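Chemist: The structure under discussion is supplied below as structure tokens; questions concerning it will follow.
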Amino acid sequence: MKKFNIRKVLDGLTAASSSSSATAQPGTPRENDVVLETLQSEHFQLCKTVRHGFPYQPSSMAFDPVQKILAIGTQTGALRLFGRAGVECYCQHESGAAVIQLQFLINEGALVSALTDDSIHLWNLRQKIPAILHSLKFNRERITYCHLPFQSKWLYIGSERGNIHIVNVESFTLSGYVIMWNKAIELSTKTHPGPVVHISDNPMDEGKLLIGFECGVVVLWDLKCKKADYRYNYDEAIHSVAWHHEGKQFVCSHSDGTLTTWNVRVPAKPAHIITPHGKQPKDGKKPEPCKPILKVEYKTTRAGDPFMVLSGGLSYDTVGRRACLTVVHGKSTTVLEMDYPIVDFLTLCETPYPNDFQEPYAVVVLLEKDLVVIDLGQTGYPIFESPYPLSIHESPVTCCEYFADCPSELIPALYSVGSRQKRQGFSKKEWPISGGNWGQGTQSYPEIIITGHADGSIKFWDASALMLQVLYKLKTAKVFERARGKEEKPTADIVDEDPFAIQTLSWCPESRMLCVAGVSAHVIVYRFSKQDITTEVVELLEVRMQCDFNGVDSPVLGGEQTSALPTPAASCSPQESESPFQPSTGSNSSDGPRDNIPCLQVRSSPLKQSPGYQVELVIQLVWVSGEPPQQITSLAVNSSYGLVVFGNCNGLAVVDYLQKTLLLNLGTSELYSPSDPCQRQPRSPRKPRQPSGDVPTGTSYMSRLSSLYSQSVNKLRSSHFRFCDASDGVNNSEERCKSPTSGSPSPCNSDDERKQNFIEKVKVKGRRFSKTVASDFAKMSRKISSSSEQKPESDCQSKKWRSRRCKTRVCCLKEEAKASGASLKEPVSSTMSDSCQYAKDNAFTRSRSSSVTSIDRESREAISSFYFCESFPRKSDSLLSPCLLVGTSQGSVMMLALSLPPGGDQRLQQPLSFASCGTLVRLKGGILTMGLLDATGILLPPSYEQWYDPNASDEEKEKSRRRRPPSPPSSQEGQEAQFAVVCSEKQAKVVAMPSQTCIHKHNITETSFVLRADVVQVAGAYCITCFCANGHIMTLSLPSLRPLLDVNYLPLTDMRIARTFCFSNLGQALYLTSPTEIQRITYSQETCDNLQEMLSELFTPVETPEAPNRGFFKGLFGGGAQSLDREDLFGETTAGKASRSLAQHIPGPGSMEGMKGAASGVVGDLARARIALDERGQKLGELEERTAAMMASAESFSKHAHDMMLKYKDKKWYQL
């Protein structure tokens, strides 16, 4: 019989509802009838895979000297276990209480954890995903310290009341043996000794237990006799105790920075008192008190002096000094400064036996934000080079991207250049934490994670096979000048801290082009090269982006370029640029508003660039009339076209990084056409100004101004576009900042005056120009004025675009260009409205609704996403052409058509041009991602150029450079050739191209909004993956948008998650779960099925080292270690049962009780099915037997009733 699957039924229902809600115009072919979708719900399952990075807020640490495994507990109840490189594991206590102590069952594959909620747990490490076997929750006692002797199953637990309880770790039951505090201390003591801070047994006598109380009292307890043998009293509080391996001495660390050494049999006074960091007075007085020594360890060696390692104890006069670890070896004392406060440390020794020479070889130091391992065997105590990815938080992570299935040559290339960045001076020995084995998974595709940081650095990580290893680090801050002191801090910064922080990045793995946007409104374009170079002058392009509501702008002269948008029928190119760039001088005086200056200053000295990513171009947005530039919200780079496009709440800019020119600078409202129903006309209370001409200029085109201006006039007359006012430059900043209700001259009355002022300004500031240039300005102004007088109504009705002024500044060594550029500068009139301010943290200021009525909301329509593609720009097109899809925060998707020049040298000389094609589609909420599918449902990625070394010879460049051919258009008539996929914060739509009809629509969420969405490949097909703010992770099929997965995984509790969550191909995703940790998850059923094989193993079978030889004389005279039968002493027979109210035993999910129904895999399924069948058969047999018994009973009752009836049938009532 065919197996019934409820998930397929749900798939059918969702597909029916999706198809019924899809909107399609009559006559449009239904692509879901053509595209065969293979993805089903069975292909998806969500689960966590691995966690990378440094444990956030660590609190405790333990080490297994035989298995070579390190365990770290945190304040959030997490456990992180580390072995060799690539072997790490994460598990979490359900309560989330802080871990105060960890104890390994050495070489047993088990770990005991004690938490602040007074519970202890036994973890099974013999499975790939550790699980809790037993838990014990104390009800009346607060746990303060735990101790588990080597090869013992009895755990000592000290409490805040000063009592000591004993737990059997096999059954996790309490023993009736209890050491009460009032019996441990002297009867004459009038005060409570305080909590138990230390428990340890004598290395040479297991029957003697050393108990340390916080008040300074140490008790040596005889377990057999149940009494105190010796009591050691000191005036200062105790923090830790350490034994000498012979069991005759122990050392205590105290709160006044002293170390006291005691002989076991001499409790009257300490044998030695030292203050390692205290100043010894000459008069023999007691040294000055120091800070507490929080921990001390005393380790012996066979061939030399013992090691004493301690943390803390510095003198109080060392204010501001960093935390230190002190190593005392013989007469030498070495102080090792740490970058962060010390949480805990452990000394690694050759033997696990406490009664033998320890032979220490390393010290593991757990810091608040780092893990350091010190080599004790080499002079100077160098540190080991850590193989773990613990430096993710070296600077706070500000953005993150995930790339699965990258080109195979990428990781070796990045590793080769990154290996030269490694620090020197590490220990030459192997990493001492070397336990566990790697997984045996079949997942072998390369994966790369890129993290951007607050200090401007970018790190590339190899994330293949569930591991993480840093490959290469790029420092973007090297491009800029750094302020040496607070007095030199630049005043143009728009952020007070971390001005170099990475805002967003765009990376093309095939061409290795990298584009980075920072919070200071700067964009840096990088190329990858295997050769080092020295850049004499960093090429700079300064862009002037501003927001104006009624769109009357004038061209600004001198180094500025204004792209005249063409008509949809014919495209026109912006001005050409051939010369190098020159820096421009901006105004930053106290008399006027800050203008024309960037937020950061690019370094002027030569820049030596090592192999790896090298600066190609720096783009900076400048201040505009006292208004800072808005932070960049979206970014994209395309190596095939040689373009970088970025946008913010003002608009977008397109830069040709090959020619180092600005091609396009548009406001968001200028992307709409006047007939577009989706257009938002900004309603400003300001009075409209007279339209005028647009005069595109450039620093290197002064000799061509006449021809360029005449072309612009002809285009103005024949175009349906309306350009900005050319007289904007005459208004000063005070007039621009006036209230809308304040008085201002009428534009109609001041037309002649404005025209004359414009011409005079050009003449004054352009004295170095020829007279021909000045006359061209006059002619241009007259022609525009006359055309506006003849057709005032026609111009108003046919307005489509308002040109934006853009200002480009570039570095140049030619003095002539400097002079000409300085003489052509023109002040800017329009200013950015206060309502156009964009949140600096970019934290969800996008619209949540498609109907926006307020002026403030309209002015905030930012550019949210870009997508380069080769598609059909217009409905009438039948051939593919390069396009740029632009998504906004208000849900509009516009398309720009690109006109590319021929390749080769002409590409570097001829400019690119753009043509606007209007709005493609409209959605609710801001646009998050876009994609393009072919007629078979295969994703068409943006075209790219294969990587070549820019510093190689020309012959090598030509051999390696080849452009990826675009996908051929469909030759079938009436067949839709492509599908445009668009996903916003609320909806997802699929649009047929070139008809531009919406064929599928799906409302993702109504009550929340989508934070991240991507078009990804899973199981050989493509789908949309979404992460919502309410914690749901969803997948939608393409192109029908059927819901395939919807799991409530992770509610948005931190902005960090929203900022770093990202999807990738093959069912992979990640996010920053804490400031120091990356959590990787998968939504692929195949990966979940193979996860057990892919995970690493912590426990490996290793023989326990042999116990130390007692020797002939020690065995003869009884000088060796004394053993203790703890089972006989602590067992229920002798000690009795503990009080049930003291602690509650809780079976864990990993115990036998909890594992009855938790078997996994095919064998477990078959076993469960067999058991279920047996139980069903047994129940059916029992039911049959019951039925037969009931039938027999019924027959017997009927017979008896009939006999009774016959017996009393003929009798009278008085005869009964």
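Chemist: Quick one: which residue in Ile129, Ile185, Ile179, Ile120 is among the hydrophobic types (A, V, I, L, M, F, W, C) and surrounded by fewer than 19 Cβ atoms within 10 Å (Cβ to Cβ)?
Modeler: Ile129
Chemist: I've got another one for you. Given the conditions (1) surrounded by fewer than 19 Cβ atoms within 10 Å (Cβ to Cβ); (2) at pLDDT 95 or above, report the number of the one that Leu81 does not fulfil.
Modeler: It fails just one condition, (1).
Chemist: Something else: Looking only at the stretch 89-106, filter to residues that are part of a strand (DSSP E or B) and among the β-branched types (Val, Ile, Thr); which one of those is most open to solvent (accessible area, probe 1.4 Å)?
Modeler: Ile100
Chemist: Any residue at all in the stretch 553-566 that is modelled with pLDDT of 95 or more, small (Gly, Ala, Ser), out of contact with any Leu (no Cβ under 7 Å at 6 or more places or on another chain) and more than 28 Å from Glu945 (Cβ to Cβ)?
Modeler: no
Chemist: Oh, and also: What is the residue count in the stretch 600-626 for residues that are over 30 Å from Pro509 (Cβ atoms) and modelled with pLDDT of 90 or more?
Modeler: So the answer is 7.
Chemist: Identify all residues within the stretch 77-112 that are without any contact (Cβ under 8 Å) to a residue 40 or more places away in the chain and among the hydroxyl-bearing types (Ser, Thr, Tyr); write none if there are none.
Modeler: Ser95 - this is the single residue of the stretch 77-112 that is without any contact (Cβ under 8 Å) to a residue 40 or more places away in the chain and among the hydroxyl-bearing types (Ser, Thr, Tyr).
Chemist: Output the residues belonging to the stretch 226-236 that are in contact with an Asp or Glu (Cβ under 8 Å, 6 or more places away or on another chain) and touching a residue at least 24 places away in the same chain (Cβ under 8 Å).
Modeler: Ala228, Arg231
Chemist: Any idea which of Gly158, Gly109, Gly162, Gly86 is under 25 Å from the mean Cα position of the chain (by Cα) and open to solvent by less than 30 Å² (accessible area, probe 1.4 Å)?
Modeler: The unique qualifying residue is Gly86.
Chemist: Please work out which residue is farthest from Gly926 (Cα to Cα), limiting yourself to the stretch 998-1007 and to residues that are open to solvent by 10 Å² or more (accessible area, probe 1.4 Å) and in a strand (DSSP E or B).
Modeler: For the stretch 998-1007, the residue satisfying everything is Cys998.
Chemist: On to the next question. Residues of the stretch 225-260 being of a type in the set (Ser, Thr, Tyr) and open to solvent by 20 Å² or more (accessible area, probe 1.4 Å), which ones?
Modeler: Tyr230, Tyr234, Ser255
Chemist: Evaluate the stretch 855-865: report whether one residue or more is closer than 20 Å to Asp934 by Cα and modelled with pLDDT of 95 or more.
Modeler: No.
Chemist: Taking the criterion of being at pLDDT 90 or above, under 23 Å from Tyr232 (Cα atoms) and touching a Pro at 6+ places or on another chain (Cβ under 8 Å), would at least one residue in the stretch 326-337 satisfy it?
Modeler: The answer is no, given that none of the residues of the stretch 326-337 is at pLDDT 90 or above, under 23 Å from Tyr232 (Cα atoms) and touching a Pro at 6+ places or on another chain (Cβ under 8 Å).
Chemist: Considering only residues that are within 23 Å of Val654 (Cβ to Cβ) and of a type in the set (Asp, Glu), which ones fall in the stretch 527-546?
Modeler: Hits for the stretch 527-546 are Glu539, Glu542.
The rows are residues; the columns are (1) open to solvent by 90 Å² or more (accessible area, probe 1.4 Å); (2) within 30 Å of Gln1085 (Cβ to Cβ); (3) out of contact with any His (no Cβ under 9 Å at 6 or more places or on another chain).
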{"position": "Ala404", "(1), (2), (3)": "no, yes, yes"}
{"position": "Pro407", "(1), (2), (3)": "no, yes, yes"}
{"position": "Ile411", "(1), (2), (3)": "no, yes, yes"}
{"position": "Leu414", "(1), (2), (3)": "no, no, yes"}
{"position": "Arg423", "(1), (2), (3)": "yes, no, yes"}
{"position": "Lys428", "(1), (2), (3)": "yes, no, yes"}
{"position": "Trp438", "(1), (2), (3)": "yes, yes, yes"}
{"position": "Tyr445", "(1), (2), (3)": "no, yes, yes"}
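Chemist: For the stretch 102-125, indicate whether the set of residues that are within 19 Å of Leu346 (Cα to Cα), touching a His at 6+ places or on another chain (Cβ under 6 Å) and of a type in the set (S, T, N, Q) is non-empty.
Modeler: yes
Chemist: What are the residue pairs meeting all of these: first residue in the stretch 859-878, first residue over 24 Å from Val644 (Cβ atoms), second residue part of a strand (DSSP E or B), Cβ atoms under 6 Å, and 6 or more apart or on different chains?
Modeler: Phe872/Met993; Arg874/Cys917
Chemist: Among the residues of the stretch 137-155, write down those that are outside any strand (DSSP E or B) and open to solvent by less than 50 Å² (accessible area, probe 1.4 Å).
Modeler: Result: Glu141, Leu148, Pro149, Phe150, Ser152.
Chemist: Test Ser240 against the stated conditions and say whether it is modelled with pLDDT of 95 or more and more than 22 Å from Asp1125 (Cα to Cα).
Modeler: The answer is yes for Ser240.
Per-residue answers, yes or no, for (1) among the hydrophobic types (A, V, I, L, M, F, W, C); (2) in a strand (DSSP E or B); (3) within 26 Å of Gly304 (Cβ to Cβ):
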| residue | (1), (2), (3) |
| --- | --- |
| Thr347 | no, yes, yes |
| Tyr353 | no, no, yes |
| Asp356 | no, no, yes |
| Leu366 | yes, yes, no |
| Val373 | yes, yes, yes |
| Leu390 | yes, no, no |
| Glu401 | no, yes, no |
| Pro412 | no, no, no |
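Chemist: Okay, moving on. Please tell me if Gly1177 is modelled with pLDDT under 75, in a helix (DSSP H, G or I) and over 30 Å from Asp1089 (Cβ atoms).
Modeler: yes
Chemist: Any idea which of Leu635, Leu652, Leu643 is open to solvent by 10 Å² or more (accessible area, probe 1.4 Å), touching a Leu at 6+ places or on another chain (Cβ under 8 Å) and of a type outside the set (Val, Ile, Thr)?
Modeler: So the residue among Leu635, Leu652, Leu643 that is open to solvent by 10 Å² or more (accessible area, probe 1.4 Å), touching a Leu at 6+ places or on another chain (Cβ under 8 Å) and of a type outside the set (Val, Ile, Thr) is Leu635.
Chemist: Out of everything in the stretch 1045-1068 that is of a type in the set (Ser, Thr, Tyr) and not in a helix (DSSP H, G or I), what residue ends up being nearest to Glu1086 (Cα to Cα)?
Modeler: By that ranking, first place goes to Ser1064.
Chemist: Is the stretch 1048-1056 home to any residue that is under 30 Å from Lys369 (Cβ atoms), of a type in the set (Ser, Thr, Tyr) and surrounded by fewer than 22 Cβ atoms within 10 Å (Cβ to Cβ)?
Modeler: Yes, there is a match, as at least one residue in the stretch 1048-1056 is under 30 Å from Lys369 (Cβ atoms), of a type in the set (Ser, Thr, Tyr) and surrounded by fewer than 22 Cβ atoms within 10 Å (Cβ to Cβ).
Chemist: Another question, then. Could you check how many residues of the stretch 447-472 are within 19 Å of Glu394 (Cβ to Cβ), surrounded by fewer than 21 Cβ atoms within 10 Å (Cβ to Cβ) and small (Gly, Ala, Ser)?
Modeler: 2
The values are calculated or read from the model by the stated rules, or taken from the named source; none is laboratory data. A quick note: this is a predicted structure, and the numbers were derived from the prediction, not measured. Cβ atoms come from the backbone with ideal geometry, glycine included; neighbour counts cover every protein chain shown. Remember, those area values only see protein heavy atoms, side chains included, never the ligands or the DNA or RNA. Shrake-Rupley method; radii C 1.70, N 1.55, O 1.52, S 1.80 Å.
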